[in-house]
Amino acid sequence: MDTGLELREVMERAGQWLLRSQDPSGGWAERPGKIPSALNTAKSIIALIDAGLAKAGDKPIQEAMGFLLKHKRCEAGPDHGAWPREYQAEGGGPVRMIPDILRTAFAIEALIKAGRAVDAEPVKESVQWLIASQNTGDIDHGWGYRRDVASSITATCYALLALLEAHRAGAAQCKESIERGLAYLVDRCHNDDGSFGTQGPLLAAHTVCAALVLQAARRQELGSVRSVNCEKAALEWLRRNPDSANRLVEEQIQIDAQPGGAGNYGFLFMTDSLVLCTLMGSDHVEYHRSELANTALLTLKDRWDNSGGGFYGPRVFSWSTAKALSALSATHVQEFPERKPEREAGFTVGQIVMVAFTLLLLGSVLYLTIIKSFELLHAVFFSVLILALLLVSRFIGEKTFAELFNGLVGTLGGKKKKEP
């Protein structure tokens, strides 16, 4: 990417990519030509409005809001008002409407930002469902992925973000539920280091989501002194763990109560985008120009598709573009920082080992070629192994690795198709 590229140009082209990708129905799919969904539509609405690239009254936003309002929600029983994930098993069968706390949370935020009043349907009913779904009594006071299961950090954070948006827009009935949820959340802060949740690959994602919630609550003067302290501790943990803080991770969203949980789905955290939002949302200027903030900005810049304007997740998707766009529009983001040299003069011991091993692999390829025992499958295998080593040693980035890997797999697939 052009290192002199300006932030506003990237944002405008990302917004243009989103607008070009809007379906005639008004919604957004993961990629143009696919089936639009409430989740992708809500994220796109939020991003375009956050970035100032569209206003609530603009035609694309009104059409997108129309898509959401026409979208079928749960209509009967205790889940009335929830936004569902529509799931159909492979091979056919009935379409199941599985209440989804994340879809509901994003839809509430999108509709409010698009101009829908909090006392109008479906915002009011969706907010009421979130409040009624909160755990009480002997379980805890957070939210689980479905009713009557233990709370999770992710479900609680997104439920609170939606209720905080509704509270900001005038829904005073959310306050008690928010305060109880915040108490649950700060109880999950590890006093020894400031992180949230259990140890594992999702620790950074849970920590940054918790910090975002605590910041949103602080701006509305909700929470406690402990909430403020936990916010600061979470930011410090993220600064001490930059690799984890910028790594994209996936969590299984367990909304399906049926045996096997076939309706569950994977939710990819755009962790670098969330980290940037969190650092810029701090009241302390030291975080706005921190090394972690610069790294997050450069990581986002590397994931921008210069040819089309969207942002990469695993591929260029509407949701990955939307999350990156929202992050770049955060207060205090001014411009992309200058990139430092990728490595200092000389090599680390780890890089020397990687280079030596790569040369050994290349020697093996040459040997197999000489003895005429080298086939296409061997070539692809060794090539992927070499690319993985180059990625680990940071000689290439994730985007370059993905592009080369897809090329290799495509070569193998093309060869197989030609074979009788």
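Among the residues of segment 86-128, how many are of a type in the set (Phe, Trp, Tyr) and either surrounded by fewer than 23 Cβ atoms within 10 Å (Cβ to Cβ) or part of a loop (DSSP other than H, G, I, E, B) (or both)?
Within segment 86-128, the subset of a type in the set (Phe, Trp, Tyr) is 87, 106.
Now restrict to residues that are either surrounded by fewer than 23 Cβ atoms within 10 Å (Cβ to Cβ) or part of a loop (DSSP other than H, G, I, E, B) (or both): 87.
Of the residues in that region, 1 qualify.
Just a yes or no: is a residue in segment 225-240 outside any helix (DSSP H, G or I) and of a type outside the set (Asp, Glu)? Write out each step before concluding.
Within segment 225-240, the subset outside any helix (DSSP H, G or I) is none.
So far as segment 225-240 goes, no, none of its residues is outside any helix (DSSP H, G or I) and of a type outside the set (Asp, Glu).
Can you pull out every residue in segment 272-292 that is surrounded by fewer than 24 Cβ atoms within 10 Å (Cβ to Cβ) and either among the aromatic types (Phe, Trp, Tyr) or in contact with a Phe, Trp or Tyr (Cβ under 7 Å, 6 or more places away or on another chain) (or both)?
TYR287
In segment 182-232, how many residues are over 19 Å from LEU276 (Cβ atoms) and surrounded by 16 or more Cβ atoms within 10 Å (Cβ to Cβ)? So that I can check it myself, show each step before the final result.
As a first pass, look at segment 182-232 and keep what is over 19 Å from LEU276 (Cβ atoms): 182-193, 197-201, 217, 220-230.
Add one more test, that the residue is surrounded by 16 or more Cβ atoms within 10 Å (Cβ to Cβ), and what stays is 182-186, 188-190, 197, 217, 222-223, 227-228, 230.
Here the count works out to 15.
Based on this model, can you work out whether LEU18 counts as part of a helix (DSSP H, G or I) and in contact with a helix residue (DSSP H, G or I) (Cβ under 8 Å, 6 or more places away or on another chain)? So that I can check it myself, show each step before the final result.
Working: part of a helix (DSSP H, G or I): yes; in contact with a helix residue (DSSP H, G or I) (Cβ under 8 Å, 6 or more places away or on another chain): yes.
Spelling it out, LEU18 is indeed part of a helix (DSSP H, G or I) and in contact with a helix residue (DSSP H, G or I) (Cβ under 8 Å, 6 or more places away or on another chain).
Mind checking whether some residue in segment 247-263 is closer than 24 Å to ARG339 by Cβ, in contact (Cβ under 8 Å) with a residue 24 or more places away in the chain and either part of a helix (DSSP H, G or I) or not basic (Lys, Arg) (or both)? Don't jump to the end; show me each part of the working.
Let us first name the residues in segment 247-263 that are closer than 24 Å to ARG339 by Cβ, namely 247-248.
Next, only the ones that are in contact (Cβ under 8 Å) with a residue 24 or more places away in the chain stay: 247-248.
This time we only want the ones that are either part of a helix (DSSP H, G or I) or not basic (Lys, Arg) (or both), so: 248.
Yes, segment 247-263 contains at least one residue that is closer than 24 Å to ARG339 by Cβ, in contact (Cβ under 8 Å) with a residue 24 or more places away in the chain and either part of a helix (DSSP H, G or I) or not basic (Lys, Arg) (or both).
Criterion first (touching a helix residue (DSSP H, G or I) at 6+ places or on another chain (Cβ under 9 Å) and closer than 16 Å to CYS157 by Cα) does LEU300 satisfy it? Don't jump to the end; show me each part of the working.
On the way: touching a helix residue (DSSP H, G or I) at 6+ places or on another chain (Cβ under 9 Å): yes; closer than 16 Å to CYS157 by Cα: no.
No; evaluated as a whole, the condition is false for this residue.
Do you know which of the residues in segment 58-85 that are part of a loop (DSSP other than H, G, I, E, B) and not hydrophobic (A, V, I, L, M, F, W, C) is farthest from the chain's Cα centre (by Cα)? Before the answer, list the steps.
The initial filter retains those residues of segment 58-85 that are part of a loop (DSSP other than H, G, I, E, B), namely 58, 71-76, 80-83.
Restricting the remaining residues to those that are not hydrophobic (A, V, I, L, M, F, W, C) gives 58, 71-73, 75, 80-81.
Working: ASP58: 26, HIS71: 23, LYS72: 24, ARG73: 24, GLU75: 29, HIS80: 27, GLY81: 24 Å.
Taking the candidates together, the pick is GLU75.
For LYS55, work out the one condition from (1) of a type outside the set (S, T, N, Q); (2) closer than 18 Å to ALA110 by Cβ; (3) not in a loop (DSSP other than H, G, I, E, B) it doesn't fulfil.
Here LYS55 clears every test but (3).
Filter segment 164-217 down to the residues that are of a type in the set (D, E, K, R) and in a helix (DSSP H, G or I) and list them by number.
The first filter runs over segment 164-217 and keeps only residues of a type in the set (D, E, K, R), leaving 165, 168, 175-176, 179-180, 187-188, 192-193.
GLU165, ARG168, LYS175, GLU176, GLU179, ARG180, ASP187 - these are the residues of segment 164-217 that are of a type in the set (D, E, K, R) and in a helix (DSSP H, G or I).
For MET1, only one of the following conditions fails: (1) modelled with pLDDT of 95 or more; (2) of a type in the set (A, V, I, L, M, F, W, C); (3) over 30 Å from GLN258 (Cα atoms). What is its number?
(1)
For TYR312, are the conditions met, namely being over 30 Å from GLY93 (Cα atoms), in contact with an Asp or Glu (Cβ under 7 Å, 6 or more places away or on another chain) and of a type outside the set (S, T, N, Q)?
Values: over 30 Å from GLY93 (Cα atoms): yes; in contact with an Asp or Glu (Cβ under 7 Å, 6 or more places away or on another chain): yes; of a type outside the set (S, T, N, Q): yes.
Considered against the rule, which asks whether it is over 30 Å from GLY93 (Cα atoms), in contact with an Asp or Glu (Cβ under 7 Å, 6 or more places away or on another chain) and of a type outside the set (S, T, N, Q), TYR312 comes out as yes.
Against the condition assigned by TED's automatic domain parsing to the domain that holds GLY33, touching a residue at least 12 places away in the same chain (Cβ under 8 Å) and farther than 27 Å from LEU102 by Cβ, how does LEU298 come out, does it pass?
Yes: the conditions hold for LEU298.
Restricting the search to segment 168-215, which residues are touching a residue at least 60 places away in the same chain (Cβ under 8 Å) and closer than 23 Å to ALA110 by Cβ?
ALA205, VAL208, CYS209, ALA211, LEU212, GLN215
Name the one entry in ASN264, ASN241, ASN229, ASN246 that is in the same structural domain as THR321 (by TED's automatic domain parsing) and out of contact with any helix residue (DSSP H, G or I) (no Cβ under 9 Å at 6 or more places or on another chain). Steps first, answer last, please.
Values: ASN241 fails: out of contact with any helix residue (DSSP H, G or I) (no Cβ under 9 Å at 6 or more places or on another chain); ASN229 fails: out of contact with any helix residue (DSSP H, G or I) (no Cβ under 9 Å at 6 or more places or on another chain); ASN246 fails: out of contact with any helix residue (DSSP H, G or I) (no Cβ under 9 Å at 6 or more places or on another chain).
Answer to the check: ASN264.
Let's see how each residue does on (1) in the same structural domain as HIS206 (by TED's automatic domain parsing); (2) within 15 Å of GLY27 (Cβ to Cβ); (3) modelled with pLDDT of 95 or more:
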residue	(1), (2), (3)
ASN40	yes, yes, yes
ILE46	yes, yes, yes
ASP50	yes, no, yes
LYS70	yes, yes, no
GLY77	yes, no, no
GLY92	yes, no, no
ILE139	yes, no, no
ARG146	yes, no, no
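The values are calculated or read from the model by the stated rules, or taken from the named source; none is laboratory data. Predicted model, so just to flag it, every value in this text is computed and none were measured. Note that each Cβ is placed from the backbone with ideal geometry, even for glycine, and that neighbours are counted across all protein chains shown.
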